[in-house]
C-alpha cells in the first residue's frame with residue numbers, strides 16, 4: 001500500500017493543488033517558502049499518531065493566504081492510497097463497515113481530513129438568499145475558530161480539487177449561493193476513532209537538521225534513547241536491578257573516599273565560622289551524581305564517535321556539523337527499520353531537507369541507497385545532488401503563483417522514451433534545471449558563461465537575483481529538455497537560445513580556394529541549412545505552448561555579440577589570444593571595421609584559436625556596463641523573467657545612473673531630477689511609459705532603453 005495522491009485545498013500556502021506519488025522513493029523540491037514543510041505536515045496530520053491532537057486543533061493560520069477571508073471556507077487534505085492488500089484487516093480499515101457482504105476487495109482508497117464550520121454555521125449559510133451579501137457578512141463576522149470542527153472521512157467520491165465541486169459543497173462566496181444540504185454523501189463515511197489509520201501504519205518523520213546537538217540533549221527527541229526503547233520496549237526495571245545495585249555501591253564508595261570526606265568537613269566548618277550555627281545548613285554531603293534509577297540510567301547513555309584516524313572518540317557536540325547530522329540521520333533511519341519490524345499495514349518515511357552540512361558525495365550516496373521494498377519514502381530537498389538520484393517520474397516540484405503555491409509533476413503525460421532522455425540528462429549533468437524559477441536553455445559554454453556576465457553588467461542584477469537559470473544542454477536536443485515546461489507539467493517559463501548560423505561571408509565555391517577555405521565554405525553552407533531547419537522544428541515544437549519560446553542568433557553567438565556593438569571588448573583581449581604584433585594589429589583592425597564579414601570572421605578565428613569556452617572567460621573579464629546585449633538574448637531574458645516589479649526596475653535604473661556618474665560627473669543634476677521620477681514611479685505616482693520617456697532624456701543613448709522597451 002502506498003500514497004498515490006495528495007490533494008490540498010485552502011491549506012496554508014496552497015489554494016488548490018495535487019501532488020502525485022509512486023511506490024518507493026519520492027522527491028519534493030522547491031524554493032524557500034514554496035511549502036515543502038507544509039506538505040510533510042499535511043501528510044503527518046493524516047498518518048502520524050503524534051499529530052492527532054494537532055489535527056483536531058487547526059488554527060486561523062492554517063487557512064490559505066490566498067483566501068480574502070477564511071471564515072466559512074473549508075480546509076481539505078485528501079489522501080489517496082493504491083495497491084491495498086486484500087488482507088481482511090486492511091480492507092476493514094478502509095471500508096469503514098460500508099461495503100456489501102459479498103463485495104470485491106478494494107485496491108484503492110481515500111482518507112480525508114476536513115476542517116469545516118460546525119453544523120449550526122452551515123445551516124445559517126444555507127438559509128441565506130442568493131446575493132444576500134449583508135447577511136453573509138454578518139454571519140462571517142460572528143465566526144471564530146471555535147466554530148470549526150475536524151472530521152476524518154474515507155471512501156469519498158468528490159474531486160476536491162474541482163472548483164465547481166468545492167462551490168457546490170462549501171458554497172459560492174462570490175455569489176452568496178449555498179446549498180440547502182449540510183451533509184454530502186460524496187464526502188465519504190466518517191471514520192470511527194477505533195479505526196484510525198494512524199494506529200495501523202508506521203510513520204517516521206526526520207525533521208530538518210538545524211540543531212542536532214540539542215536533539216541529542218533532549219530526552220524526548222534523543223534518537224539514541226528512542227532507539228533503545230524501541231528495540232527493548234519499556235525499560236525492564238527488574239533486569240536492571242543488579243546494575244542499579246552496582247551503581248549505588250559505586251556512588252557510596254566515591255562518597256566515602258577520605259579526600260571527599262575531608263573536603264566535606266572543611267566546607268561545613270567554614271560555613272559555621274562564616275554564618276554561625278543558627279544560619280548554617282542542618283546537613284551537607286558530597287555525592288556522586290551517577291543515576292540510580294533504571295530510566296535515568298538509559299538516559300545517561302551517550303554516543304561517542306571518531307571522525308579522524310587518531311582513534312579519538314568524542315561526544316556529538318564535538319563532531320563537525322556534517323558528522324553530527326550524518327549520525328542523526330543514521331539513527332533515525334535505524335529507528336525506521338525497527339518500526340518496520342512491527343508489521344504495520346504500511347510503512348512511511350518522511351525526511352525534511354536532509355542535506356544540511358552533509359558533503360555532496362555523501363548526499364548522493366546516502367539517498368541513492370534509501371530505498372525499501374516495503375516502504376514509501378518522501379523527502380523534501382534543496383539539493384541538486386540529491387535530486388539527481390531521484391527518478392524524474394517520482395518528483396513533485398513546488399512553485400509560487402502569486403499569493404499561493406502549486407505542485408508540478410515534470411513527467412506527467414510524457415512517454416517512456418521522453419522520460420528516459422530527461423533522466424539520462426539529469427544523471428549526466430549536475431544542473432539546477434528542476435529548481436529554477438525560469439530557465440534559459442543554451443547550447444554551449446560561451447552562452448553559459450557570457451549571458452550571466454552581460455546581464456550583470458547591464459542590469460546590475462545577477463541572473464540568480466532575477467530568478468533565471470542559464471542551463472547548458474550541450475549535445476542534448478532542446479526539445480528533450482524543454483518538453484518539461486508545459487501546462488500539464490512544469491508551469492514555468494523556458495526560453496530556448498540558439499543560432500540560425502546564417503553565413504556572413506561569400507560562400508560561393510571558387511576554383512582558387514585553398515582546401516581550408518573550401519572546407520570552411522562547405523561547413524558554413526551546411527550550418528545555415530541546419531539552422532533554418534532547427535528554427536522550423538523549434539517553432540513547431542513551441543507552438544501553442546505559452547511556457548516555451550525560442551530565440552535565435554542571426555549568425556552565431558560570438559558573431560552576433562560583436563555585431564551588436566561589443567567590438568571593443570574583443571579588442572581588449574586580442575593580446576591574450578595572439579602574440580605576434582602584426583597579427584594583433586590586423587585583428588584589431590578587423591574587429592573595429594564595422595564589416596561583419598571581417599569582424600565576424602575574426603571573432604570565429606579567435607574562438608577556434610582559444611576554444612569558445614576560454615574565449616568567453618576572457619571576454620567576461622573585460623565586459624563593462626556599456627556592453628550591448630544582443631537583441632535575441634535580451635528578448636529571451638525578458639520572456640523568461642516575465643513582468644518586472646517596480647522595485648526591480650528602480651534597482652536597474654539606479655545601477656545605470658551610478659555607472660553614468662562614474663564617467664560623467666556633469667550629469668549629476670540631470671540624474672538627481674531623474675531619480676526623483678524613479679521614486680515617484682516606485683510610489684505608483686507615474687506609470688512605466690512616463691518613466692521610459694524620462695529615462696531617454698536622463699540617460700541618452702544608454703543600453704538600458706532596449707530592455708525598458710520590452711518590460712511590462
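Going by how many other Cβ atoms sit within 10 Å of their own, how do 519, 79 line up, fewest first? Walk me through the numbers on the way to the answer.
Values: 519 11, 79 22.
Starting with the residue having the fewest Cβ neighbours, the order is 519, 79.
Using a/c under 1.5 as the rounded threshold, could you call the range 554-712 rounded, prolate or oblate? The axes a ≥ b ≥ c are square roots of the C-alpha gyration tensor eigenvalues, and prolate needs a/b larger than b/c, oblate otherwise. Prolate, because a/c is 1.5 or more and a/b exceeds b/c.
Each of 668, 176 was scored by other Cβ atoms within 10 Å of its Cβ. Listed from fewest to most, they are 668, 176.
Which shape class, rounded, prolate or oblate, goes with the range 617-673 when its Cα gyration tensor gives a ≥ b ≥ c as root eigenvalues, a/c under 1.5 marks rounded, and past that a/b bigger than b/c marks prolate? The shape class here is oblate.
Taking other Cβ within 10 Å of each residue's Cβ, how do 157, 684 sort, fewest first? Before the final figure, lay out each step's value.
Details: 157 11, 684 8.
The order, fewest Cβ neighbours first, is 684, 157.
Shape analysis of the range 432-640 places it in the oblate category; the axes a ≥ b ≥ c from the Cα gyration tensor give an a/c of at least 1.5, with a/b not above b/c.
Please sort 487-493, 452-458 by packing, taking for each peptide the average over its residues of neighbouring beta carbons within 10 angstrom, highest first.
Ranking the peptides 487-493, 452-458 by packing returns 452-458, 487-493.
Each value in this text was obtained by applying a stated rule to the coordinates, not by laboratory testing. Keep in mind the model is a prediction, meaning the values are calculated, not measured. Neighbour counts are summed over all protein chains in view; Cβ atoms, including those assigned to glycine, are modelled from backbone coordinates with ideal geometry.
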